[in-house]
1. Excluding same-chain residues fewer than 8 positions from K410, which lysines have a Cα within less than 24 Å of its Cα?
2. Taking K310 as the anchor, which lysines have their alpha carbon closer than 21 Å to its alpha carbon, excluding any fewer than eight residues away along the same chain?
3. Report the extension gain between R198 and L217 in nm, rounded to one decimal, defined as 0.36 nm multiplied by the number of residues separating them, less their alpha carbon distance.
4. If each residue of separation counts as 0.36 nm, what is the full-extension length gain between L175 and L62 once their alpha-carbon separation is subtracted?
5. Students often check this: by mean Cβ neighbours within 10 Å, which of 180-191, 311-322 ranks highest, and how do the rest follow?
6. How much space per residue, in cubic angstrom, does the convex hull of the C-alpha atoms of region 358-429 take up?
7. Given charges of +1 on the Cβ of Lys and Arg and -1 on the Cβ of Asp and Glu, with all other atoms neutral, how large is the dipole of region 169-208 about its Cα centre, in debye to the nearest 20?
8. I'd like to compare 348-356, 206-214: which one has the highest average count of other Cβ atoms within 10 Å, and what's the full order after that?
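Read the figures in this text as sums done on the coordinates, not as results from a lab. Here the structure is a predicted model, which is why all the values come from computation and not from measurement. Here the Cβ positions follow ideal geometry from the backbone for every residue, glycine too, while neighbour counts run over all protein chains shown.
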Amino acid sequence: MAQSLQFFRRIMLLLNVTVGAFLVWVFGMTPVLAARQSDGVTFAQNLSALPAKPWTLTIAVLGMAALILAGVLRRRGQSFIGWIEPLFALCVIFALHLAYNGLLLYVVVDLIDGLHGRTRRRFLGAMTALFLLTGLGALQGALHVVPFSEYLLYFDMHTRQLLQSVVDLLGALHLILFVVYMVVLIGQRTEENSAIRRLNGELEQANDRLSVMNEQLKAYAAESERMAETRERNRLAREIHDTLGHALTGITAGADACIQMLEISPEMAKKQMERIASTAREGMNEVRRSVRALRPDALERMQLTDAIAKLCSEMQTTSQAEITLDLQTEDLRLSPDEEDAVYRIVQESITNAIRHGHATAVRVRIAAEERRLGITVTDNGCGCAKIEPGFGLRHMRERLRLLNGTLKVKSEKGFELHAEIPLRWGDVYD
């Protein structure tokens, strides 16, 4: 629609230029023809006032050119005062002896998009008044302007009718184009307003949906916070259970061995008590650290494989059980949460084997195969006829579920536990 408005504006400009050129020709050539035919005196006597001087036609031509240039520059973003174009138009109209006021309509069309508010209303009011004054001929008598019709009286009837018809036809076309332009412009504004109202409605609906979504997000955030608190409590419970269970099992097994050694070898009993004390202190440090933050202290100080080897060595020393560690990889490419899970699974499995199964031999195997890390712990303990998951096994499953891992247990001759964790960063590296 904007292209249509631009097209109508150009056609109106072309019509104005055509009418202006035609009137300049009539006003300029009529006295020349009269002089050539020795009718100059008769021609002047038939006029109601003295004819305008020839330089006024030059003003008309220059004013038309200035008017066109001002409109072009304004549309290209140049800062022009809105009243300059109407002034140019008035100069052209007076230079043409008030014979044609269609230029005012073109100025209205050219400036109507560039004026707003009070300026637009004042401008339209002034243009309406000027259009009526020039159209009704009210200014001609006051300014002693020779009307165009008196110039036509010099010609014969046929030529006079032809010239007047040309001016009337071009003026009518210009008026029709102005009306069409205004109708199209009003239609465009109406569509824009309808689109704005529709967009405002959609925006209000979107705001309503956003409000509902915000409420839902708040509820979800509160629920997530509650779930996070629950997971954190469970995690802390697992950490404390694993740490205390490991330490107390070592202390209990060591104390039992120490009781038996007291009568046989007090010196060995003393060394055993020292080991028990060391295990108790480490267990206390583990508990404090677990409550503070959460990783096993051994993993803070060393690599996972070294921490597991130290765990097995200490457990073997305090419990007198033979613990065999089979590591198929020298180092594992694991994230911190995976390292925590592996360490706690090995720790809990050894603790359960000694505490509940009374095992004297435990074998731990850790191997990475086909992008999965397998942890297998077997013992020669008493086992159980029916496996009922306790606190330790439930926490193992929870840890593995967070890592998309699996846990399988069976009890035939002794007890066997097998856990698998998918490797996220590759298999292994040396």
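1. The qualifying lysines are K386.
2. Answer for K310, where 21 Å is the Cα cut-off: K271, listed by chain and number.
3. Working: separation 19, 0.36 × 19 = 6.84 nm, distance 2.79 nm.
Length difference between fully extended and current span is 4.1 nm.
4. Working: separation 113, 0.36 × 113 = 40.68 nm, distance 2.38 nm.
So the chain would gain 38.3 nm between L175 and L62.
5. 311-322, 180-191
6. Numbers: hull volume 6.8 nm³, N = 72.
Residue-normalised Cα hull volume stands at 95 Å³.
7. Details: 3 positive and 5 negative charges, 53 e Å.
It works out to roughly 260 debye.
8. Working: 348-356: 23.6, 206-214: 10.3.
So the order, starting with the most tightly packed, is 348-356, 206-214.
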